[in-house]
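Only one structure is covered here, and it is reproduced in the block below.
The values are calculated or read from the model by the stated rules, or taken from the named source; none is laboratory data. Please read these numbers as outputs of a predicted model, since none were measured by experiment. Cβ atoms come from the backbone with ideal geometry, glycine included; neighbour counts cover every protein chain shown.
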């Protein structure tokens, strides 16, 4: 099914994507969602859309890219899961006006909207304010801004002997202000 034939269905999906706004700045939820790809297939009845070929999804400061992005919706029409696959898939967001953009990479990136979690699998890496986390699997809580890194069980991934993290020291100014 080509993009021209599915425009009304894609507009419906775009409306449903608005519920995924918890993973962007509060002002981002009022921004339109843009989806660019070389090909799009949508099964509106099943609530599944598959975008292929240099996929770029943006809403305000949030951006997801990958070779293939699959979006599923629940029975109420709300976005349930974004799954981006690529070599490497990419995610970024600005969590607050005074915070720098958080970036993430992985061969598979899965966003679960109800949980506000981004899961990065295989060659996973998250960069948050100069701090980095790398491992086979990283789960990032977009609300709490908490990273959990570990092994990717049950998946074929590039093995890593250990988790790598780099934590930047606070600047003297931050320490004096009690941050």
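Hey, can you tell me all the residues within the range 31-47 that are part of a strand (DSSP E or B) and more than 17 Å from the chain's Cα centre (by Cα)?
The answer is 39, 40, 41, 42, 43.
Within the bounds of the range 90-98, is there any residue that is within 29 Å of residue 44 (Cα to Cα), in contact with a strand residue (DSSP E or B) (Cβ under 8 Å, 6 or more places away or on another chain) and not in a strand (DSSP E or B)?
no
Report whether or not residue 149 is part of a strand (DSSP E or B), in contact (Cβ under 8 Å) with a residue 12 or more places away in the chain and touching a strand residue (DSSP E or B) at 6+ places or on another chain (Cβ under 9 Å).
Considered against the rule, which asks whether it is part of a strand (DSSP E or B), in contact (Cβ under 8 Å) with a residue 12 or more places away in the chain and touching a strand residue (DSSP E or B) at 6+ places or on another chain (Cβ under 9 Å), residue 149 comes out as yes.
Taking the range 96-136 as the region of interest, how many residues are surrounded by fewer than 17 Cβ atoms within 10 Å (Cβ to Cβ) and in contact (Cβ under 8 Å) with a residue 60 or more places away in the chain?
3
Look at the range 31-48 and say how many of its residues are modelled with pLDDT under 90 and either closer than 18 Å to residue 89 by Cα or touching a helix residue (DSSP H, G or I) at 6+ places or on another chain (Cβ under 8 Å) (or both).
4
It is to be established whether one or more residues within the range 110-129 are at pLDDT below 90, out of contact with any helix residue (DSSP H, G or I) (no Cβ under 8 Å at 6 or more places or on another chain) and at positive phi.
Yes, there is a match, as at least one residue in the range 110-129 is at pLDDT below 90, out of contact with any helix residue (DSSP H, G or I) (no Cβ under 8 Å at 6 or more places or on another chain) and at positive phi.
For the range 90-109, how many residues are over 13 Å from residue 141 (Cβ atoms) and modelled with pLDDT of 90 or more?
Final tally of qualifying residues: 11.
Within the group 83, 65, 58, 72, which residue is closer than 20 Å to residue 100 by Cα, part of a strand (DSSP E or B) and modelled with pLDDT of 90 or more?
So the residue among 83, 65, 58, 72 that is closer than 20 Å to residue 100 by Cα, part of a strand (DSSP E or B) and modelled with pLDDT of 90 or more is 65.
Spot the failing condition for residue 139; the list is (1) in contact with a helix residue (DSSP H, G or I) (Cβ under 9 Å, 6 or more places away or on another chain); (2) crowded, with 16+ Cβ neighbours inside 10 Å; (3) over 25 Å from residue 38 (Cβ atoms), and only one is missed.
With (1) in contact with a helix residue (DSSP H, G or I) (Cβ under 9 Å, 6 or more places away or on another chain); (2) crowded, with 16+ Cβ neighbours inside 10 Å; (3) over 25 Å from residue 38 (Cβ atoms) applied to residue 139, the lone miss is (1).
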